[in-house]
Amino acid sequence: MDVPQDKALFGEWKEVSYAVDDDGRYILVPSAGWEPANIANHMAWESIDAEVAAVFAKVRAGVLSPLAYHMARHQMDPGLLAGYTGLFRWQVRRHMKPAAFRRISPALADRYAAIFRITTEELMGVPECDPPTGARK
């Protein structure tokens, strides 16, 4: 069975691909990667990194709250985060505004932080330097 073994996108990590064995059955096999898929994934991660950097700049400029940065880093939109928190979308959108975010309750801050798996202190701010880019290159 032929499974692509091009240069891996994630270093030593393997991705799982479906292949047809000698008996005609589909089986899962490890693959280092396939160049066209690696290129597409690399481009997608570059786009995500650019979006995170743009949101980071808006947070540093005071246009958006730190919540927007954490959402971008976790590839979440207001609807998805609302679903995890049990809030309405409009409430999450409101918390993306700096003034409204500063007034959230400690309990809600804890809920947001738990979803992002960070501390409440980390939730309330952003890194001092540029945001980390994905270690996917």
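Of the chymotrypsin sites (Phe, Trp or Tyr not before Pro) in the stretch 56-137, the ones in a loop by DSSP (not H, G, I, E or B) with at most 15 other beta carbons within 10 Å are F88. Ellipticity at 222 nm from helices only: DSSP H runs of n ≥ 4 in the chain, each -39500 (n - 2.57), divided by the residue count, give -14500 deg cm²/dmol.
Could you sort M43, M76 by accessible area so the largest value comes first, with the probe set to 1.4 Å? Walk me through the intermediate numbers first.
Working: M43 115, M76 35 Å².
Highest to lowest solvent-accessible surface, that is M43, M76.
Quick one: what do you get for the chain if you divide its Cα Rg by 2.2 N^0.38 Å? Write down the numbers at each step before the final one.
Working: Rg = 19.7 Å, N = 137, 2.2 N^0.38 = 14.3 Å.
Relative to the rule-of-thumb radius for its length, the chain sits at 1.38.
Computed on the chain, with alpha-carbon pairs under 8 angstrom and 6+ residues apart, the relative contact order is 21 percent. A probe of 1.4 angstrom, applied to the heavy atoms of all protein chains, finds S17 with accessible area near 20 square angstrom.
Expressed as a whole percent, how much of the Cα-Cα distance distribution for the stretch 19-66 exceeds 16 Å? It would help to have the intermediate numbers written out before the result.
Values: 721 of 1128 pairs.
Counting pairs separated by more than 16 Å, the tail of P(r) holds 64 percent.
Pop the C-beta distance of K58 and A107 into the FRET formula with R0 = 30 Å and round what comes out to the nearest 0.05. Write out the running numbers ahead of the final one.
Values: r = 27 Å, r/R0 = 0.89.
So, using R0 = 30 Å, E works out to roughly 0.65.
For the chain, the solvent-accessible area works out to 66 Å² per residue, with a probe of 1.4 Å and every protein chain left in place. Each Lys or Arg adds one and each Asp or Glu takes one away; over the other residues whose Cβ falls under 11 Å from the Cβ of G79, this sums to +1.
Probe radius 1.4 Å, ligands and nucleic acids left out: which of H42, H70 has the largest accessible area, and how do the rest follow?
Numbers: H42 55, H70 15 Å².
My answer, sorted largest first, is H42, H70.
In the assembled protein chains, K97 presents an accessible area of approximately 120 Å² (probe radius 1.4 Å).
Keeping the other protein chains in place, figure out the carbon and sulfur percent of the accessible area of the stretch 6-92, with a 1.4 Å probe.
Details: 3230 of 5600 Å².
Roughly 58 percent, rounded to a whole number.
Using heavy atoms of the protein chains and a probe of 1.4 Å, the accessible area assigned to V126 is about 30 Å².
The values are calculated or read from the model by the stated rules, or taken from the named source; none is laboratory data. Note that the structure is predicted; figures quoted are calculated from it, not measured. Glycine also receives a Cβ, built like all others from the backbone with ideal geometry; neighbour counts cover every protein chain displayed. To get the accessible areas, we keep the full protein, side chains included, count just its heavy atoms, and leave off ligands, DNA and RNA. Shrake-Rupley method; radii C 1.70, N 1.55, O 1.52, S 1.80 Å.
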